[in-house]
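Presented below is the structure to which this report refers.
None of the figures in this text is laboratory data; all of them are computed from the coordinates on show. Note that the coordinates shown come from a computational prediction; the quantities given were computed from them, not determined experimentally. We place every Cβ from the backbone using ideal geometry, glycine too, and count neighbours over all the protein chains shown.
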Amino acid sequence: MRLKILSASLIFLLAACDQQTSTEASNQPVSIGVATLHSEPVTLFTQLPGRTTAVRTAEVRPQVSGIIMKRLFTEGGEVKAGDPLYQIDPASYQAAYDKAEATLLNANKLAQRYKPLAAAHAISGQSYDDAVAAAREATADLETARVNLNYTKVRAPISGHIGRSLSTEGALVTNGQTSYLTTIQQLDPIYVDVSESSQDLLRQRRALAEGKLKAVGDNAAAVKLTLEDGSTYQQEGKLEFSEVTVDQGTGSVTMRASFPNPKRILLPGMFVHASFPEGVADQGILAPQEAIMHDTKGKPYVFIVKADNTVAQQSITTGEMIGNKWLVTSGLQANDRVVVEGLQDVRSGSKVQPKEAQAKTAPQANLTTTDPSAQ
């Protein structure tokens, strides 16, 4: 009986010790990592889908009729303005030129013979005038024949990248035909056309008018490009123009940027994403991505450490993602400390022992995006 009482007492004492130890451990501040926020100028970007477009495109067509004798270019290569592309059979045009040249020679001699006769009133003045007019008409006919003879050699109207040939040797071509022989495109630089909704444009202009954003300077107005495979195009572009008319069908405004393309990486018709600068937020607050969580309704929030080292849950509103940080538009201010390490051990109201966490480097491939849960 005494042994049972002693065993029960021992068990009670051990349980009391465990409870006291657990209580003392729960009262110990949890060690966590925090990031102290700072306000800084932040350039905001709008990422819009678009298509690449050649700066200039020329559809090469014949200006005289005839049989193609030879193709004089390499398909898919580079050509310069004035380079010969096709040779059309020149035989008939050479004959027409020779005939016009002979006619001019005869007309000039006749006018020369009539000149002294007209001065001596041996012939009427009208006869001499007709001879002079005939000589001038023969000169024009000779020039026309020369132009047509030159047109038998089809030349490149612009410099650029030439495509495949749609006509082969032996094919009959005609002046004014609707089908073209080949195309030439200028690819360096190259245009990127994107569309922005009129609502977003109004929002941006309102923010600029209210002073929430400042217009970007020339040095910060570079346009960045993301390719179809998700990689970043190394060359930066510049905004060329923005249309002043809203498309009634889509409710959007077209903008165009120009990008250098020395290696011909960008080809006409490619689908890309362009990041256009919206403006600069002078007092922007950037919160680390790992500090932001979402509740059951998808609302973003963070844990902040107050002056007495207690934790409080704070609802926030996020804007764009820049690097590995989210732009916080409301809910936080400069010098706030947000929890970035040990989030699983903190609760609202708990006591903590904060220490400044080491900042993480943003990944190179990360681009500006928009938080889908931002409210």
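Net length available on complete extension from Val244 to His38 is 70.3 nm, with 0.36 nm assigned per residue and the Cα-Cα distance removed. Dividing the C-alpha radius of gyration of region 226-288 by 2.2 N^0.38 Å, with N its residue count, gives 1.44.
Roughly how many debye, to the nearest 20, is the charge dipole of region 25-94 about its Cα centre, given +1 on each Lys and Arg Cβ, -1 on each Asp and Glu Cβ, and no other charges? It would help to have the intermediate numbers written out before the result.
Numbers: 6 positive and 6 negative charges, 35 e Å.
Dipole magnitude for region 25-94 comes out near 160 debye.
Ranking request for peptides 108-117, 238-247: highest mean number of other beta-carbon atoms within 10 Å first, then the rest in descending order. The partial results should precede the final answer.
Numbers: 108-117: 15.2, 238-247: 11.8.
Output ranking for 108-117, 238-247: 108-117, 238-247.
When the alpha carbon gyration tensor of region 52-112 is reduced to an equivalent ellipsoid, its three semi-axes come out at 37, 15, 10 angstrom, largest first. With N the number of residues in region 90-151, Rg(Cα) / (2.2 N^0.38 Å) evaluates to 1.34. Remark: the Asp282-Thr183 segment gains 30.8 nm on full extension, using 0.36 nm per residue and subtracting the alpha carbon distance.
Under the simplified labelling scheme, the Ala122-Lys263 pair shows an inter-label distance of 8.1 nm, with each label point 7 Å from Cα along Cα→Cβ. A protection proxy built from the mean count of other Cβ atoms within 10 Å ranks the segments 166-175, 316-325, most packed first, as 316-325, 166-175. In a reduced charge model with +1 at each Lys and Arg Cβ and -1 at each Asp and Glu Cβ, region 29-170 shows a dipole moment near 140 debye about its Cα centre. Global dimensions of region 57-179 from alpha-carbon coordinates: Rg and Dmax equal 20.9, 68 Å.
Give the residue from Tyr97, Asn148, Gln112 lying farthest towards the positive end of the charge dipole for region 90-151; charges sit on Cβ (+1 for Lys and Arg, -1 for Asp and Glu) and the dipole is referred to the Cα centre. Of Tyr97, Asn148, Gln112, it is Gln112.
Here Leu72 and Ala102 are evaluated by their C-beta separation; at R0 = 22 Å the FRET efficiency comes out at 0.10.
Taking other C-beta atoms within 10 Å as the exposure proxy, Met270, Met255 rank Met270, Met255 from fewest upward.
Between Asn150 and Asp129, take the C-beta separation as r, use R0 = 30 Å, and let me know the FRET efficiency to the nearest 0.05. Let's see the in-between values first.
Working: r = 32 Å, r/R0 = 1.07.
With R0 = 30 Å, the Cβ-Cβ based efficiency is 0.40.
Let's test the formula: R0 of 30 Å, r as the Cβ-Cβ distance of Glu137 and Lys80. What FRET efficiency results, to the nearest 0.05?
Details: r = 37 Å, r/R0 = 1.23.
For R0 = 30 Å, the calculated efficiency reads 0.20.
For region 275-368, the Cβ-based charge dipole about the Cα centre amounts to some 280 debye (Lys, Arg positive; Asp, Glu negative; other atoms uncharged). Between Ala95 and Lys109, the distance separating the two model label sites (each 7 Å from Cα on the Cα→Cβ line) works out to 2.3 nm.
Which of the peptides 346-354, 74-82, 58-66 is most tightly packed, and how do the rest follow, going by the mean number of other Cβ atoms within 10 Å of each residue?
Descending packing order for the listed peptides: 58-66, 346-354, 74-82.
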